[in-house]
Amino acid sequence: MKRALIIIALVAVVGLPFIFRTKQATIANADETLVIITPHNEALRHEYSRGFREWYLARTGKTVAIDWRVIGGTSEITRFLESEYVSSFQNHWTKTLGRRWSSEVQAAFHHPRLDPDQTAEDDTTEMAARRAFLASNISCGIDIFFGGGSFDFIRQANAGRLVDSGIMQLHPEWFKDDVIPQSFTGEPYWDPQGRWIGDVLSSYGMIYNRDSLQRLGIAEEPRQWDDLANPKLQGEIALCDPTKSSSIAKAFENVIQQHIYRQWARLEKETGRDRKSLEAQAVEAGWASGLQLLQRAGANARYFTDTSQKPSIDVIQGNSAVGMCIDFYGRGAFQGTALRHDGSPGRIGYYSPADGTVLSPDPIAVMRGAPNPKVSLAFLEYALSMDGQKLWNFKTGVPGGTDRYELRRLPIRKDFYQQDFAKFRTDPEVNPYAGSSPLIYNGAWTGGDNFRAMAFVIRVMCLDTHPELVAAWKEIIRAGMPAEALAVMSDMAPAAYPQLKARIIPALTSKNKVDEIRLANQLAGQFRAQYQKAGELARAARP
């Protein structure tokens, strides 16, 4: 009898979830299947699977299932897509076109600076490869790329891996200043050629644990990026590798852009010269001072993780005191714990510096050769419709809201922020289009190849040399922050702004990948030598 009861209990434990689970279309039995690659978390994937499934069934009478592909952050997705298209185009080039494959063809077919003209007769092999790729419908097996930073989508579009979905022709009324503006505070919100469209907005800030700050003797909660350099935070900051997470790389870029504006204002005040004539000088000075702040934040870092979700989790658990994160991780972290029982603020706080972060779009796009282009267009239509936009910031259980998770993100549509929706929203007080002093983004300073170079420099300066950086910083703190040691540690000459075009970008964009590795080793060696010397100077300066 006892054995029978145990067996019955085991059967119940295994079987009941299957009996009571919600009925939904599976990939095996759905009328349509959509393959989406994304860095988005489980909450988003659940809500959009349900929402799109219901929306599509109501409009077409057909069931649809989403096959989500989750391989990591946006940078990992970018590398995966590049690899898949190389394989696919090689097969097309050699078997369909009967041409010989070479390293030149591989480098050229997705090269963004190769622009075929109207005549193909005089094409070089490289230009012929580019023309063939842009004229093809080769596939990587993915329908949609959903979520991540605009930098990676622009790169994918320029390479030719993204195509016009048709959404701008289907709904031209959406792509106007009063719905989805083409740009805002300097950031592009959609591609004029329709290859990618922003779907939701992200800003950046600091999540912090009030109990941890109290433990460290820090009375003031962080309100500026500069607070990340506080020596009391040594070993207490959670950061991401900017070469793995493009969203956090964007946060680092915000820091540098803020410093460029600061240097511009300083130079204007000190010299009295025309503001425009000071721009180049301000960019160079702001680049250096921004990197210096990020270097000290890196010296305070407990780690550099590969995923942008980890810092907020560690701050909530008390493993770190402060973390840089995307706004929705910060807002979602203290959901339900904003106040203690006595009415005082809860353990977790979040703050986004008003003049230190831009409003960046998280785009959505259709891949070249998408296996199911018709349903792909339908998904974009749903995501950008008011039905799809409501999922980002409506409460669970309200009409049009989520059924399990509150996503607490900011829809990109301006007309979403109407008073009629306020009572349904998770963050009714937040309107990204009504900010008083947002950071105005200037892509000419840190965008494009400069963005990739920035992430590379931070990786070499802070990650590859982290033990030496931390050791030097500890010695400097113990010695009372001697100016000479700080100056040596903070010397940005190896990665100064002029070095981007002269040395760094050529190595990163070289056809020979060894050039990047060689430069990384050289720069790391220079910074290690600085850190060692700074530590020695600090020890000598101890009283």
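The values are calculated or read from the model by the stated rules, or taken from the named source; none is laboratory data. What you see is a predicted model; the values in this text were computed from it and never measured. Here the Cβ is made from the backbone with ideal geometry for all residues, glycine too, and neighbour counts use every protein chain on show. All accessible areas refer to the heavy atoms of the entire protein, side chains included, with ligands and DNA or RNA removed. Shrake-Rupley method; radii C 1.70, N 1.55, O 1.52, S 1.80 Å.
If you check L294 against the conditions, is it crowded, with 16+ Cβ neighbours inside 10 Å, part of a helix (DSSP H, G or I) and more than 26 Å from the chain's Cα centre (by Cα)? Steps first, please.
Details: crowded, with 16+ Cβ neighbours inside 10 Å: yes; part of a helix (DSSP H, G or I): yes; more than 26 Å from the chain's Cα centre (by Cα): no.
In short, no.
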Residues located in segment 15-43, provided they are more than 30 Å from S246 (Cα to Cα) and modelled with pLDDT of 70 or more: N29, A30, D31, E32
The lone exception for R155 - which of (1) open to solvent by 20 Å² or more (accessible area, probe 1.4 Å); (2) touching an Asp or Glu at 6+ places or on another chain (Cβ under 8 Å); (3) not small (G, A, S) it fails: (2)
Verdict on D67 being modelled with pLDDT under 95 and surrounded by fewer than 18 Cβ atoms within 10 Å (Cβ to Cβ): no
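Would you say A285 is surrounded by 17 or more Cβ atoms within 10 Å (Cβ to Cβ), over 25 Å from N41 (Cβ atoms) and either without any contact (Cβ under 8 Å) to a residue 12 or more places away in the chain or over 25 Å from the mean Cα position of the chain (by Cα) (or both)?
Numbers: surrounded by 17 or more Cβ atoms within 10 Å (Cβ to Cβ): yes; over 25 Å from N41 (Cβ atoms): yes; either without any contact (Cβ under 8 Å) to a residue 12 or more places away in the chain or over 25 Å from the mean Cα position of the chain (by Cα) (or both): yes.
Spelling it out, A285 is indeed surrounded by 17 or more Cβ atoms within 10 Å (Cβ to Cβ), over 25 Å from N41 (Cβ atoms) and either without any contact (Cβ under 8 Å) to a residue 12 or more places away in the chain or over 25 Å from the mean Cα position of the chain (by Cα) (or both).
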Some residue of segment 473-482 being among the acidic types (D, E) and within 29 Å of the chain's Cα centre (by Cα): no
Qualifying residue in segment 402-411 (condition: without any contact (Cβ under 8 Å) to a residue 12 or more places away in the chain, open to solvent by 70 Å² or more (accessible area, probe 1.4 Å) and either more than 30 Å from T78 (Cβ to Cβ) or touching a Phe, Trp or Tyr at 6+ places or on another chain (Cβ under 7 Å) (or both)): no
Criterion: at pLDDT 95 or above and in contact with a Lys or Arg (Cβ under 6 Å, 6 or more places away or on another chain) - qualifying residue of F109, F133: F109
Sole exception among (1) part of a helix (DSSP H, G or I); (2) over 26 Å from N254 (Cβ atoms); (3) open to solvent by 40 Å² or more (accessible area, probe 1.4 Å) for K511, by number: (1)
Hey, R223 touching an Asp or Glu at 6+ places or on another chain (Cβ under 8 Å) and in a loop (DSSP other than H, G, I, E, B) or not: no
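Let's see how each residue does on (1) of a type in the set (F, W, Y); (2) modelled with pLDDT of 95 or more; (3) crowded, with 19+ Cβ neighbours inside 10 Å; (4) more than 30 Å from S203 (Cα to Cα):
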| residue | (1), (2), (3), (4) |
| --- | --- |
| Y441 | yes, no, yes, no |
| C462 | no, yes, yes, no |
| A472 | no, yes, yes, yes |
| G480 | no, yes, no, yes |
| M492 | no, yes, yes, no |
| I504 | no, yes, yes, no |
| L523 | no, yes, yes, yes |
| Q526 | no, yes, no, yes |
| L537 | no, yes, yes, yes |
Residues satisfying the stated conditions in segment 412-426, i.e. part of a loop (DSSP other than H, G, I, E, B) and buried (at least 17 other Cβ atoms within 10 Å of the Cβ): I412, R413, Y417, T426
Test: residue in segment 176-192 that is buried (at least 16 other Cβ atoms within 10 Å of the Cβ) and assigned to a helix (DSSP H, G or I): no
Every pair of residues 6+ apart whose Cβ atoms lie under 6 Å, when the first sits in segment 106-132 and is small (G, A, S) while the second is at pLDDT 95 or above and surrounded by fewer than 13 Cβ atoms within 10 Å (Cβ to Cβ): none
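Against the definition (touching a Leu at 6+ places or on another chain (Cβ under 6 Å) and part of a helix (DSSP H, G or I)), how does E516 come out, yes or no? Let's see the steps before the verdict.
On the way: touching a Leu at 6+ places or on another chain (Cβ under 6 Å): yes; part of a helix (DSSP H, G or I): yes.
Judged against the criteria, E516 is a match.
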Test set (1) of a type in the set (V, I, T); (2) in a loop (DSSP other than H, G, I, E, B); (3) crowded, with 19+ Cβ neighbours inside 10 Å - I260 fails condition number: (2)
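Would you say V457 is under 17 Å from P242 (Cβ atoms) and either surrounded by fewer than 21 Cβ atoms within 10 Å (Cβ to Cβ) or β-branched (V, I, T) (or both)?
Details: under 17 Å from P242 (Cβ atoms): yes; either surrounded by fewer than 21 Cβ atoms within 10 Å (Cβ to Cβ) or β-branched (V, I, T) (or both): yes.
Yes, satisfied.
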Count of segment 38-64 residues which are surrounded by 19 or more Cβ atoms within 10 Å (Cβ to Cβ), part of a helix (DSSP H, G or I) and among the aliphatic types (A, V, I, L, M): 1
